[in-house]
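**Q** Structure provided below as structure tokens; questions to follow.
The values are calculated or read from the model by the stated rules, or taken from the named source; none is laboratory data. Everything numeric in this text was worked out from a predicted model, so none of it was measured. Cβ coordinates were reconstructed from backbone atoms using ideal geometry, including for glycine residues, and neighbour counts include every protein chain displayed. Heads up: the accessible areas ignore ligands, DNA and RNA and are worked out on the full protein's heavy atoms, side chains in. Shrake-Rupley method; radii C 1.70, N 1.55, O 1.52, S 1.80 Å.
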Amino acid sequence: MARIAPDKNTLLTIEPLNSLGRSISFTNVVLEAFSDSYTINTNPQVVFGRTDPIRTYSNTERTVALTILVNSDTASEAVGNFDKIQQLIIGSYPDYSASDRALKSPPLFLMHMNGYVQEDGGPIVGYFDEVKFEYAEPDSYGNTPHRTDGTNTLVPRYYRLSLVFHPMHSGVKGSEEQVTIDNTFPYGGPLKSF
């Protein structure tokens with residue numbers, strides 16, 4: 001688990017690309033899980049007399065899965081963090097035309113995660129397979145919820161947010177004549193030691 005200090009680093013920024021979209025930043029969090037997988041999709045062609053099928057390449061699909069524990073030290077911070085999850089859930093639904101309720105745009109997002117999920121140093125467009133909100137009871141912390149004024153909603157001090165994200169790369173990835181086409185992919189390029 002990686003602890004991210006409040007207000008020093010923004011671990012994760014997500015912006016729904018619908019008409020209500022506004023940038024959502026997560027700072028005072030614990031990164032509990034992260035995986036970045038690449039599935040190389042091929043189509044097998046069985047040929048008479050050959051033991052193994054001939055495979056033709058189709059594409060490479062990237063899937064990012066992560067879980068963060070969102071922490072709120074004060075009641076106002078808890079309300080702000082709860083609003084973030086609500087905005088993310090609202091953004092998980094498409095935009096519709098006001099006149100005839102026809103689908104206007106799918107639920108796409110911009111996402112940036114400190115070098116791990118990025119494109120050219122900035123956010124990358126993609127879609128979520130899953131956005132999961134879970135009331136959390138972290139070890140020895142206790143999670144007595146805050147009650148909001150007016151709506152009487154119980155807002156958790158801690159919650160887990162799990163995401164499964166599929167980036168949609170804007171440029172070509174791979175190599176050309178033994179040279180990498182995008183040398184900043186996937187994690188910002190060659191790193192230098194301190």
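**Q** Of the accessible area of the chain, with the probe set at 1.4 angstrom, what percent is carbon plus sulfur?
**A** Working: 6340 of 12150 Å².
That share works out to 52 percent.
**Q** For labels at Tyr116 and Glu61 in the simple 7 Å Cα→Cβ model, what's the distance in nm?
**A** 2.2
**Q** Another question about this same structure. Starting from the alpha-carbon convex hull of the chain, give the projected area averaged over all orientations, in nm².
**A** On the way: hull surface 71.4 nm².
Taking the Cα atoms of the chain, their convex hull projects to 17.9 nm² on average.
**Q** Taking Cα atoms, how many degrees apart are the long axis of helix 75-91 and the longest axis of the chain, rounded to 10 and kept between 0 and 90?
**A** 40
**Q** Please report the relative contact order for the chain, taking Cα pairs under 8 Å with a sequence separation of at least 6, and give it as a percent rounded to a whole number.
**A** The normalised contact order for the chain reaches 21 percent.
**Q** Further question on the same structure: Given a 1.4 Å probe, how much area per residue of segment 10-162 is accessible, in Å²? If you can, show how the numbers build up before the last one.
**A** Working: 8730 Å² over 153 residues.
Here the per-residue accessible area is 57 Å².
**Q** So, one more: So what is the 222 nm mean residue ellipticity for the chain from helices alone, if each DSSP H run of at least 4 adds -39500 (n - 2.57) and you divide by all residues, rounding to the nearest 500 deg cm²/dmol?
**A** Working: 1 runs with 17 residues, N = 194.
Result for the chain, helices only: -3000 deg cm²/dmol.
**Q** Another question, if that's okay. Hey, which aspartates and glutamates would be in cross-link range of Lys173, C-alpha to C-alpha under 19 Å, not counting anything within fewer than 8 residues on its own chain?
**A** Once the sequence-local aspartates and glutamates are set aside, what remains near Lys173 is Asp36, Glu61, Glu119, Asp120, Asp182.
**Q** Quick one: if you stick a label point 7 Å off each Cα along the C-beta vector at Val164 and Ser76, how many nm between them?
**A** Each label point lies 7 Å from its Cα, and together they span 3.9 nm.
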